[in-house]
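The values are calculated or read from the model by the stated rules, or taken from the named source; none is laboratory data. From a predicted model like this one, the values you see are computed outputs, not experimental measurements. As a convention, Cβ positions derive from the backbone with ideal geometry for all residues, glycine included, and neighbour counts pool all protein chains shown.
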Amino acid sequence: MLFIFDMGGVVSGNVAAIPAMAKRLGLSGGDFLAFCGIAPDEPPETRYERGILADIQAGRIDGGSFWAKFRARAAAMLGDGHPATERIREVTAREDPWETAFEPVPIPDTLKVIEALKAGGYRVVCGTNTLEAHYRTHERKGDYAPFDRVYASHRMGLIKPDPAFWLEILEKEGAKPGDAVFVDDNPVNVAAAAGLEILSFRYENAAGLRESLAPWLEPVAGKAGA
């Protein structure tokens with residue numbers, strides 16, 4: 001059995017980058033999304049599939065191009081001399097907020113579940129929508145170490161919930177949909193994976209995760225107690 005874990009919100013917490021970046025730039029969350037080309041009523045579950053947020057996660061643009069587009073849209077909407085436009089220009093000239101505003105922390109109870117699965121002989125990989133600055137941060141902190149392999153959207157050129165995201169992972173892993181389990185905190189992604197007949201669970205908390213994965217964890221616990 002192959003286990004595919006999402007990263008942000010499942011294995012790492014404190015990953016909501018947009019509020020932190022908006023604060024750093026002196027913007028409201030709504031303005032930040034507008035400058036990304038995202039409608040104000042776009043739900044949180046799908047906003048990362050839109051505009052330049054989707055482009056940077058799919059690797060179609062890099063961080064420099066993202067901020068160039070962001071600055072251009074801000075200038076077009078507010079005016080080139082607007083104080084907010086100047087603030088955005090100033091901050092993004094000296095730093096990449098995708099990196100400086102990103103401070104993920106591990107979720108220990110999820111890591112224990114991954115350790116238990118690996119102890120049972122299962123292969124566990126990460127399937128994550130991400131971007132290069134966040135990937136480098138996780139890599140530097142050793143956050144990907146528990147996984148047998150990491151499948152990152154910006155390097156694959158594919159983002160969830162595109163079915164091709166999971167199909168590529170399955171192909172690379174030599175697994176069939178019925179031989180895979182997927183865990184994600186985003187219900188849209190869970191539904192998309194389930195549509196491919198991958199056994200899929202929505203992560204809400206560690207207790208729920210353990211309950212969902214009990215059929216694979218209980219034999220491991222039994223061996224440990226023997």
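Restricting attention to the stretch 165-204, the residues being under 19 Å from ASP109 (Cα atoms) and either in contact with a Pro (Cβ under 6 Å, 6 or more places away or on another chain) or among the aliphatic types (A, V, I, L, M) (or both) number 3. When ILE169 is tested against (1) more than 20 Å from ILE61 (Cα to Cα); (2) free of Cβ contacts under 8 Å to residues at least 60 places away in the same chain, exactly one condition is not met: (2). Scanning the stretch 194-226 for residues that are modelled with pLDDT of 90 or more and assigned to a helix (DSSP H, G or I) yields ALA194, ALA206, ALA207, GLY208, LEU209, ARG210, GLU211, SER212, ALA214, PRO215, TRP216, LEU217. Residues in the stretch 65-88: is at least one over 19 Å from THR137 (Cβ atoms), touching a residue at least 24 places away in the same chain (Cβ under 8 Å), of a type in the set (A, V, I, L, M, F, W, C) and not in a helix (DSSP H, G or I)? Scanning the stretch 65-88, I find no residue that is over 19 Å from THR137 (Cβ atoms), touching a residue at least 24 places away in the same chain (Cβ under 8 Å), of a type in the set (A, V, I, L, M, F, W, C) and not in a helix (DSSP H, G or I), so the answer is no. Pairs are defined by a Cβ separation below 7 Å, a sequence spacing of at least 6 or placement on different chains, a first member in the stretch 15-29 that is of a type in the set (Val, Ile, Thr), and a second member that is not in a helix (DSSP H, G or I); the pairs so defined are VAL15/GLY8; VAL15/GLY9; VAL15/PRO104.
Take the residues in the stretch 32-46 that are outside any loop (DSSP other than H, G, I, E, B) and in contact (Cβ under 8 Å) with a residue 24 or more places away in the chain, then tell me which one is surrounded by the most Cβ atoms within 10 Å (Cβ to Cβ).
The qualifying residue surrounded by the most Cβ atoms within 10 Å (Cβ to Cβ) is PHE35.
Tally time: how many residues in the stretch 100-111 are touching a residue at least 24 places away in the same chain (Cβ under 8 Å) and not in a loop (DSSP other than H, G, I, E, B)? Residues that pass the stated criteria total 6.
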